[in-house]
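Trainee: Okay, here's the structure, questions in a sec.
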Amino acid sequence: MSLDKAIFKPVKTKRTFEEVSSKIKALIFDGTLKSGDKLPSESELAKQFNVGRQTVREALRILELSGFIMVKKGFGGGTIIKDTIFKKITNLIQDAFQMEKISVEEFTIARLTIEKAILNIAIDNADNQDIKALKDNINKANELIAKKEVAIDLHFEFHSLLAAASKNSAFVIVEGAINAMHRILRSRTPPDFKVSKTAVQDHEKILDALINKKRARAISLIEEHILKLKNVYY
């Protein structure tokens, strides 16, 4: 959707692009600007904010780097409201991990704490659709295992589905970050069919405990599962 009417008010200080970017972010947060909306041109924004075009350009650059907007080049392009924040965060996490700011031990402790909490809540909140999605995931993984193929992407998806089953958006975001770090660890070692097969078996047991609301068993199983994988990375 393109925005023709003036919704941006002049900033009260000339100092800046921070204020301009903050005002645009505020409109995104309150829902005035939605994903897919196209912002006015730089000159029109400068006019509405009563600032110079360079100030607007710098504000947009910050918003783009922060993941709030996307700039499309060429015919029909422009500045589009687009949420790429999680992708930006994930990239930062990956960079930190690769610079060895996060050890395998630290990652494992964090993952254990977070995923046990996710599973604990998912046991209470998972609905039939969540259960079906988790079963489908395991079935697809077993199909690959039957062909003697690894099912790494499906293993990651299983944990993402558990987070979704918690019905807590914060857990979905945090689990995405955990998966990003986990992928880096997995990339350090060649694909292992035995590890992949064991992971599917673990997931089956975890899902069974979740369905039957055997909380203590489910938590114990996911802890055992995560600690098994920790040993693969050393």
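Trainee: Restricting the search to the stretch 25-49, which residues are more than 18 Å from Lys72 (Cα to Cα) and either at pLDDT below 90 or within 31 Å of the chain's Cα centre (by Cα) (or both)?
Mentor: If the condition is that a residue be more than 18 Å from Lys72 (Cα to Cα) and either at pLDDT below 90 or within 31 Å of the chain's Cα centre (by Cα) (or both), then Lys25, Ala26, Leu27, Ile28, Phe29, Asp30, Gly31, Thr32 are the ones that fit.
Trainee: Regarding the stretch 181-193, can at least one residue be identified that is more than 23 Å from Glu105 (Cα to Cα) and modelled with pLDDT of 95 or more?
Mentor: no
Trainee: Now, a different point. Which one of these does Asn125 not meet: (1) in contact (Cβ under 8 Å) with a residue 40 or more places away in the chain; (2) open to solvent by less than 40 Å² (accessible area, probe 1.4 Å); (3) within 19 Å of Ile219 (Cβ to Cβ)?
Mentor: Checking Asn125 against (1) in contact (Cβ under 8 Å) with a residue 40 or more places away in the chain; (2) open to solvent by less than 40 Å² (accessible area, probe 1.4 Å); (3) within 19 Å of Ile219 (Cβ to Cβ), the one that fails is (2).
Trainee: With respect to Glu18, is the statement that it is among the acidic types (Asp, Glu) and modelled with pLDDT of 90 or more true?
Mentor: Against the criterion (among the acidic types (Asp, Glu) and modelled with pLDDT of 90 or more), Glu18 does not qualify.
Trainee: Between a residue in the stretch 211-234 that is on the phi > 0 side of the Ramachandran plot and any residue that is polar (S, T, N, Q) and at pLDDT 95 or above, which pairs come within a Cβ distance under 9 Å, given they are 6 or more apart or on different chains?
Mentor: none
Trainee: Continuing with the same structure: Considering only the stretch 43-57, state which residues are open to solvent by less than 50 Å² (accessible area, probe 1.4 Å) and in contact with a Ser or Thr (Cβ under 8 Å, 6 or more places away or on another chain).
Mentor: Residues satisfying the conditions are Ala46, Phe49, Val51, Thr55.
Trainee: Collect the residues in the stretch 71-106 that are farther than 20 Å from His182 by Cα, buried (at least 16 other Cβ atoms within 10 Å of the Cβ) and touching a helix residue (DSSP H, G or I) at 6+ places or on another chain (Cβ under 7 Å), keeping them in residue-number order.
Mentor: Thr79, Ile81
Trainee: So which residues in the stretch 143-159 are crowded, with 18+ Cβ neighbours inside 10 Å and either touching a strand residue (DSSP E or B) at 6+ places or on another chain (Cβ under 9 Å) or among the acidic types (Asp, Glu) (or both), if there are any at all?
Mentor: Answer for the stretch 143-159, where residues must be crowded, with 18+ Cβ neighbours inside 10 Å and either touching a strand residue (DSSP E or B) at 6+ places or on another chain (Cβ under 9 Å) or among the acidic types (Asp, Glu) (or both): just Glu157.
Trainee: Next question, about the same structure. Cβ-Cβ under 8 Å, sequence separation 6+ or interchain: first residue in the stretch 87-102 and at negative phi, partner assigned to a loop (DSSP other than H, G, I, E, B) and not aliphatic (A, V, I, L, M). Which pairs?
Mentor: That search, which allows pairs on different chains as well, returns Lys87/Gly67; Lys88/Gly67; Ile89/Gly67.
The values are calculated or read from the model by the stated rules, or taken from the named source; none is laboratory data. On a predicted model such as this, the values are computed, not experimentally measured, just so you know. Cβ sites come from the backbone with ideal geometry, for glycine too, and all protein chains shown count toward neighbours. Calculation scope for accessible area: heavy atoms of the full protein, side chains included, ligands and nucleic acids excluded. Shrake-Rupley method; radii C 1.70, N 1.55, O 1.52, S 1.80 Å.
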